[in-house]
Amino acid sequence: MKNTEKKDFFDKRVEDFGQEVEQLGKKAGEKIKEATSYSEETKGTKKTKRLYRSGKEKILGGVCGGIAEYLNVDPVLIRLLWVGLVLVGGTGVLLYLIAWIIIPRNPKHKWDD
């Protein structure tokens, strides 16, 4: 390959690369527009998180599973903390019973009564 052929070859590659970058930029711009319009549509519609007892991660009443789902942690961690409360002074049993009564069931979960 001669120098002029090499130059033409690389010039063509650079031109192709520039076109690819331009197309990617257009696609990115469209995605940004979509995201911006979606965020403007959903402004003011703040979704609030609710605490429910879990029907999926349930051993007794689903209290620990529900707290774990709410906090996005492993239910075993919440259960271990609860056992620690029970062992420290027995307050964990009373708190669990109160939570079982106060916290509603998750309506999206299947419950076996």
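Bear in mind that the values in this text are calculations on the coordinates, not laboratory data. A quick note: this is a predicted structure, and the numbers were derived from the prediction, not measured. Cβ atoms come from the backbone with ideal geometry, glycine included; neighbour counts cover every protein chain shown.
Working note: Karplus 6.51/-1.76/1.60 with θ = phi - 60° gives the range 58-72 the couplings 10, 10, 9, x, x, 5, 5, x, x, 5, 5, 5, 5, 8, 6 Hz, where Gly and Pro are set to x. Compactness of the range 48-113, taken as the C-alpha radius of gyration over 2.2 N^0.38 Å, stands at 1.07. Amide H to amide H distances under 5 Å link Arg105 with Arg53, where only residues 5 or more positions off or on other chains count and H is placed in the peptide plane. The residues packed around Ile103, meaning those with a beta-carbon under 11 Å from its beta-carbon, carry a net charge of +3 if Lys and Arg are +1 and Asp and Glu are -1.
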